Amino acid sequence: MNNNMNIPALKDVIIEKIEKVGERTGIYVTVPRKPHPCPTCGMTTEKIHDYRMQKVKHLKWFEQLTVLFYKHCRYACDCGKRFSESTPFVDMYQRFMKE
């Protein structure tokens, strides 16, 4: 999907789909895959363990409540550690955007 809109705090993400349900707008996003360092051993890995859908509340957009459905990637390292990818718009265990 080619979206040429600038959505606040969502730089460098891939917008998969935008849908309107009632008075809410749902935006489905993913972050491009890139190597991440393991927090335990420090080696970089691109091996994906699984994906999880994370629901994040976003700012009001065109005077409508907006919810992000973020396809969160979890990586697996050769040392056995599984960890989440780092993102610029939401911290770990949070349900609200940073900005």
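The values are calculated or read from the model by the stated rules, or taken from the named source; none is laboratory data. Just so you know, these numbers come straight off a predicted model, no measurement behind them. Methodologically, a virtual Cβ is constructed for each residue, glycine included, from the backbone with ideal geometry; neighbour enumeration extends over all protein chains shown. With ligands, DNA and RNA removed, areas are computed over all heavy atoms of the protein, side chains included. Shrake-Rupley method; radii C 1.70, N 1.55, O 1.52, S 1.80 Å.
For segment 39-51, in order, what is each residue's ³J(HN,Hα) by Karplus, 6.51 cos²θ - 1.76 cosθ + 1.60 with θ = phi - 60°, in whole Hz (x at glycine and Pro)?
Using θ = phi - 60°, the values come out as x, 8, 9, x, 6, 8, 9, 10, 6, 8, 7, 6, 10 Hz.
Give the peptides 71-79, 21-29, 44-52 in descending order of average Cβ contacts within 10 Å, highest first. Write out the running numbers ahead of the final one.
On the way: 71-79: 15.8, 21-29: 14.0, 44-52: 12.1.
Highest to lowest by the protection proxy: 71-79, 21-29, 44-52.
What value does segment 22-62 have for Rg/Rh, both radii from Cα atoms and Rh as Kirkwood defines it?
Working: Rg = 15.6 Å, Rh = 13.6 Å.
Rounded to two decimals, Rg/Rh equals 1.14.
Got a sec? What order do Phe69, Phe89 fall in by accessible area at 1.4 Å, biggest, i.e. largest, first?
Values: Phe69 55, Phe89 5 Å².
The residues order as Phe69, Phe89, largest area first.
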